[in-house]
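Down below is the structure, laid out as structure tokens.
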Amino acid sequence: MTAPACSIPSLNLPMQGEKSPYYVAPEKMTPLQKHCAFFDRNGDGLIMPWETYEGFRILGYNLLLSLFGTFLVHFFFSYWTLDTWIPDPFFAIVLRNVDRLKHGSDTEVYEHDGTIKPIQGDAVATMLGRFDGDGKGGMDFMEMIWMTQRKWDVLDFFGWWAAKFEWIFMWILSQKNGVMSWDDIKGQYDGSLFKDIEAKRRGEGLVR
């Protein structure tokens, strides 16, 4: 079931008991959709700003970072996922269309359809391993910044900014002793890292 081409997502929500026209079955999700689906807290295929804020807080980001991240994500990315030229008044993000959010100056791990590049062995370590200067199994903050600089496409200022935002937030979330491990970096590409962090924090009583 698909939404009408001219519908505005946040004004086209299903009635109680109805299936959302934006729903995406988990088994049919691409890795990029799985990455974003963590923030679709009610699983209806629409990511609303309050759900993104809740997701950030569950992951352990503080109030200000959660508000800041929510604003940036929805203000800049909502429109490109819509099936209409009319902006959504609540800045909803349509999960099934998040492949449109692949931007320039990224790590090139994702394909344009939201899948991960078919590379022999470990795709993440193969494509990013050269930025691990001393073989510690991940990247420290300066190596991460250097990686985003090396991936910067000519005149792609939006992609440069977006990559910095995404990776700095990732580093804050997952770094241990100043290093993001390859396992954690791989886990964020399909969203499994987010689920693991939520489960751990719930087990520690940090999330109600």
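The values are calculated or read from the model by the stated rules, or taken from the named source; none is laboratory data. Just so we're clear, the structure is a prediction, and the values are computed from it rather than from any experiment. Cβ sites come from the backbone with ideal geometry, for glycine too, and all protein chains shown count toward neighbours.
Listed values, structure above:
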read-out: Matching residues, the stretch 35-70, being farther than 28 Å from ASP113 by Cβ and of a type in the set (Phe, Trp, Tyr); value: TRP50, TYR53, TYR61, PHE68
read-out: Selection count where residues are touching a Ser or Thr at 6+ places or on another chain (Cβ under 7 Å) and closer than 26 Å to VAL124 by Cα, scope the stretch 67-98; value: 3
read-out: Segments classed as helices (runs of 4 or more DSSP H), wholly inside the stretch 87-174, with at least 3 members that are under 14 Å from VAL73 (Cα atoms); value: 157-174
read-out: Meets criteria (in contact (Cβ under 8 Å) with a residue 24 or more places away in the chain, farther than 20 Å from GLY187 by Cα and polar (S, T, N, Q)) for SER66; value: no
read-out: Residues of the stretch 134-146 that turn out to be surrounded by fewer than 18 Cβ atoms within 10 Å (Cβ to Cβ) and under 26 Å from PHE39 (Cα atoms), as a count; value: 2
read-out: Cβ-Cβ under 9 Å pairs, at least 6 apart or on other chains, the stretch 89-100 side of a type in the set (S, T, N, Q), far side in a helix (DSSP H, G or I); value: ASN97/TRP80; ASN97/THR81
read-out: The listed residue being under 22 Å from THR30 (Cα atoms), touching a residue at least 12 places away in the same chain (Cβ under 8 Å) and either among the hydroxyl-bearing types (Ser, Thr, Tyr) or buried (at least 17 other Cβ atoms within 10 Å of the Cβ) (or both), out of VAL109, VAL179; value: VAL109
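Residues are listed down the side, and each one gets a yes or a no for (1) surrounded by 21 or more Cβ atoms within 10 Å (Cβ to Cβ); (2) in the same structural domain as VAL207 (by TED's automatic domain parsing); (3) β-branched (Val, Ile, Thr):
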| position | (1), (2), (3) |
| --- | --- |
| LEU32 | yes, no, no |
| ASP44 | no, no, no |
| PRO49 | no, no, no |
| THR70 | yes, no, yes |
| PHE77 | no, no, no |
| TRP85 | no, no, no |
